[in-house]
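Enquirer: Structure in structure tokens, see below.
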Amino acid sequence: MIQDTVFVVTVVLMLVVAGAFAYVALNAGKAVAEYPPIQQRSQGMRVWFFWILIVAGVLIAVVTMLDLPYAATRGDTPDDAVTLEIEGRQWYWEVGEAQLTAGDTVIFNVTSGDVNHGLGLYDPAMRMVGQTQAMPGYLNVLSLTLEQPGTYTVLCMEYCGLVHHAMVSEITVGE
Amino acid sequence: MAEQTAPPLPPSGRIGVVVYLAISALVFVLMMVLGVLMRLSQATWVELSPNLFYEVMTAHGAGMVGISGLAASGVIWYFLRRYVDLSVGILWANLAFFLFGVVLILGGIFVGNYAGGWTFLFPLPGTSAGVWGTGGAASYLFGLLSIGVGFLLLYLDFARAIMARYRSLAKALGWPQLFRNSSDEAPPPTVVAATMVLIVNIAGILAGAVVLVLILVNLYAPQFAVDPLLTKNLTYFFGHVFINATIYQALVAVYEILPKYVGRSWPVNRIFLAAWTATTLMVMAVYPHHLLMDFVMPTWALAIGQIVSYLAGLPVFAVTAWTTLTIVHRSGIKWDMTSGLLFVSIFGWSAGIVPAIIDGVIAVNHVMHNTMWVPGHFHMYLILGLVAMLFGFMYYLTDQGSRKGLD
């Protein structure tokens, strides 16, 4: 799952930053050294550091932007997809009727009848599989392939007033 | 070290800065109490009704963002005043507008029951399903407007004073040294930072004022149609710029104080100047990363949101954090609360933006937007970054600066 990868990468990068600060902090007070050589070495290392960040950034951008979740909203939807209309309202979801089976690609046509809401879809293990904003006057189209059978939970992902936390709905996906 | 040519700071100016920081420290504590209250409620240790919970949430969000802005502006004002002739009257006027705004906001929330979140996303302020009335929402929005007017005056005064001394904002950003190889001495770091801050914050505050007025008119004349996507863009442009600018203002404490501890100057070279000019543009261009799940937004805008989120981290890692580590490394620094907090603040800032940059990736945002990951990021970044800078400055101002002859 992407969430696990993100967690590990974040912790590792934070530890790298922490390590650099700890190293300098531990060496800051002892054996005072001349500044110009430190400065020179730091500048040389920084050039490398900068270019590593640039190359990594280009690679990350290319890899992660090959498949954006916006295609369905631009009208690019698979022919065999099942369409489901969903409208957020204070404080419930109006979910259209559809028979869903595991493996279906579902096109969620998401909008709102009043304020901003956010449609967040969680799989039977309560891991988010995708989301989009539900906004009055606009139609955001979310395309997701629901691989697992079971009960998916819809939570509201945008604060919308008094009962926001209880704006929950369920979608059943058969075997 | 750059020449400090402004007239001596009158006592009322120093008192003003101390009052800014004292009020900020107090409000930070009060807002932390509200934060703890929300957690206790979620843990079912304390029972809050849903609307009281969301009122507390709204007060906590607006209060923390506002007070971060006030405290950070006090820090940069204190140091900028050494180089340019800022108006002490405007410093106090900003505080007056701020406190007036706080009264309206607290009245709107706890008397008028407004609980629309600090982001006041249209049309929620006027569409509460009967939970709060128009008066409560209007009081809250007018309060924010008042605070915005005060800050606008403050940053216009920054612009006036900087242009009086450096003749143009381009010169104050060091563009002659950056683009034309000028051999004149570059402006000091504080002036460069203040110029960036005044540019982005004037733009951000004006955007905020536009959206506040649009919503206020709509509250009383609902036939005046307002586009929810336009207002969302304006809100997040304003909100992102304003909160992001707080750390760039408080950072000046690191620029001014840490070099005194290590006996090494903060280098104002072309990399430094390029970083600040790039940051000026990026802080304003990055806000679409708050709208990555608004699929109707143009794809190019959302792509900019992802790419600039990454790029905006480069000056933090490769310039600010790198320079901090370089000037402290084997410097014989004496650790005390001031130097320790300022050093930690750069760690907190650098580490705290890691989860934000990752969440700025569209594919990640798709499963993590508006989850607890986001408050996790900004609490770490603000507490270990901004608050550490502010408290480092407070120790310096109240105790160590004068006692240790640093000032």
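Enquirer: Of the candidates A:157, A:45, A:128, which one comes out as most mobile in a Gaussian network treatment of chain A with C-alpha springs shorter than 10 Å?
Expert: Of A:157, A:45, A:128, the Gaussian network model singles out A:45 as fluctuating most.
Enquirer: Taking all protein chains as present, what is the carbon and sulfur share of the accessible area of the range A:2-64, in % to the nearest whole number, probe 1.4 Å?
Expert: 79 percent
Enquirer: Sticking with this structure for a sec: Ignoring everything except DSSP H segments at least 4 long, calculate the 222 nm mean residue ellipticity for chain B; use -39,500 (n - 2.57) per segment, divide by total residues, nearest 500.
Expert: Per the formula, -23000 deg cm²/dmol.
Enquirer: Report the local net charge at residue A:85: Lys and Arg +1, Asp and Glu -1, summed over other residues whose C-beta lies under 12 Å from its C-beta.
Expert: Result for the local shell: -3.
Enquirer: Mind checking which helices in chain B clear 20 Å along their axis (Cα) and have mean Kyte-Doolittle hydropathy of 0.0 or more, DSSP H runs only?
Expert: Going by DSSP H runs, the hits are B:11-42, B:50-80, B:88-106, B:134-166, B:189-220, B:228-262, B:270-285, B:299-314, B:337-359.
Enquirer: Starting from the Cα coordinates of the protein assembly as shown, work out the convex hull volume and express it per residue in Å³.
Expert: 156 Å³
Enquirer: Enumerate by residue number the chymotrypsin sites (Phe, Trp or Tyr not before Pro) in the range B:157-266 meeting two conditions: DSSP loop (anything except H, G, I, E, B), and at most 13 other Cβ atoms within 10 Å of the site's Cβ.
Expert: B:224
Enquirer: Moving on to the next point. Around residue B:262, what is the net charge, scoring Lys/Arg as +1 and Asp/Glu as -1 over all other residues with Cβ under 10 Å from its Cβ?
Expert: My count for the surroundings of residue B:262 gives +4.
Enquirer: Still on this model: With the cut-off at 1.5 for a/c, could you classify the range A:1-138 from its C-alpha gyration tensor as rounded, prolate or oblate?
Expert: Prolate is the answer for the range A:1-138, as a/c is 1.5 or above and a/b outweighs b/c.
Enquirer: Using the scaling law 2.2 N^0.38 Å as the reference, what is the normalised Cα Rg of the range B:95-205?
Expert: Dividing the Cα radius of gyration by 2.2 N^0.38 Å gives 1.50.
Enquirer: Averaged across A:81-92, how many Cβ atoms of other chains sit within 10 Å of each residue's Cβ atom?
Expert: Shielding by partners across A:81-92 averages 1.
Enquirer: Quick check: the angle from helix A:2-28's long axis to the longest principal axis of chain A, C-alpha only, nearest 10 degrees?
Expert: Orientation of helix A:2-28: about 20 degrees from the principal axis.
Enquirer: Pick from B:247, B:147, B:327: which is most flexible by mean-square fluctuation in a GNM of chain B where alpha carbon atoms under 10 Å apart are linked?
Expert: Ranking B:247, B:147, B:327 by mean-square fluctuation puts B:327 first.
Enquirer: Determine the sum of side-chain charges near residue B:7: Lys and Arg each +1, Asp and Glu each -1, restricted to other residues whose C-beta is under 13 angstrom from that of residue B:7.
Expert: +2
Enquirer: Moving on to the next point. What accessible surface, in Å², does a 1.4 Å probe find on residue B:184, ignoring ligands, DNA and RNA and rounding to the nearest 10?
Expert: Rounded to the nearest 10, that gives 110 Å².
Enquirer: I'd like the residues of the range A:49-64 whose 1.4 Å-probe accessible area shrinks by no less than 10 Å² going from the isolated chain to the full set of protein chains.
Expert: Listed by number, the residues meeting the 10 Å² cut-off are A:49, A:50, A:53, A:54, A:57, A:60, A:61, A:64.
Enquirer: Next question. Pairing the Cα long axis of helix A:35-64 with the longest principal axis of chain A, what angle in degrees results, from 0 to 90 and rounded to the nearest 10?
Expert: Once rounded, one gets 20 degrees.
Enquirer: Take the Cα pairs of the range B:11-403, get the Kirkwood Rh, then feed it into Stokes-Einstein at 25 °C and 0.890 mPa s and tell me D in µm²/s.
Expert: Translational D for this selection: 113 µm²/s.
Enquirer: Shielding by partners for A:67-79, please: the mean number of other protein chain Cβ atoms within 10 Å of each residue's Cβ.
Expert: 3
Enquirer: What whole-number value in Å² describes the accessible area per residue of the range A:2-64 for a 1.4 Å probe?
Expert: Ligands and nucleic acids excluded, the result is 67 Å² per residue.
Enquirer: If you take the C-alpha gyration tensor of the range A:2-64, multiply each eigenvalue by 5 and take the square root, what semi-axes do you get, largest first, in whole Å?
Expert: Each semi-axis is √(5λ); the values are 30, 18, 4 Å.
Enquirer: Sticking with this structure for a sec: Just the accessible area per residue of the range A:72-174, please: how many Å² with a 1.4 Å probe?
Expert: 40 Å²
Enquirer: Related question: Using a 1.4 Å probe, what is the accessible area per residue for the range B:155-239, in Å²?
Expert: 41 Å²
Enquirer: On to the next question. Can you tell which of B:183, B:68, B:309 shows the greatest fluctuation in a Gaussian network model of chain B with Cα springs below 10 Å?
Expert: Taking springs between Cα atoms under 10 Å, the residue moving most is B:183.
Enquirer: Here's something else I'd like to know. Rounded if a/c is under 1.5, else prolate if a/b beats b/c, else oblate: with a ≥ b ≥ c from the C-alpha gyration tensor eigenvalues square-rooted, which is the range A:72-174?
Expert: Verdict is oblate for the range A:72-174.
Enquirer: Using a 1.4 Å probe and counting only protein heavy atoms, how much accessible surface gets buried when A and B come together, both sides summed, in Å² to the nearest 100?
Expert: When A and B are taken together, about 6200 Å² of accessible area is lost.
Enquirer: Just how far, in whole angstrom, is the range B:225-239 from the range A:70-139 if you go by their alpha carbon centroids?
Expert: When both Cα centres are located, 23 Å separates them.
Enquirer: In the protein assembly as shown, what is the count of Lys pairs whose alpha carbons are under 16 Å apart, counting only pairs at least 8 residues apart or on separate chains?
Expert: Eligible lysine pairs with Cα atoms under 16 Å apart amount to 4.
Enquirer: Report, as an integer, the average count of C-beta atoms from other chains found within 10 Å of each Cβ along A:21-30.
Expert: Across the residues of A:21-30, the mean count of other-chain Cβ atoms within 10 Å is 6.
Enquirer: Still on this structure, please answer the following. Report which residues of the range B:105-139 become buried by 50 Å² or more of accessible surface when going from the isolated chain to the complete set of protein chains (1.4 Å probe; DNA, RNA and ligands ignored).
Expert: B:124
The values are calculated or read from the model by the stated rules, or taken from the named source; none is laboratory data. Just so we're clear, the structure is a prediction, and the values are computed from it rather than from any experiment. Neighbour counts run over all protein chains shown; Cβ positions are idealised from the backbone, glycine included. These area figures cover heavy atoms from the full protein model, side chains too; ligands, DNA and RNA do not enter into them. Shrake-Rupley method; radii C 1.70, N 1.55, O 1.52, S 1.80 Å.
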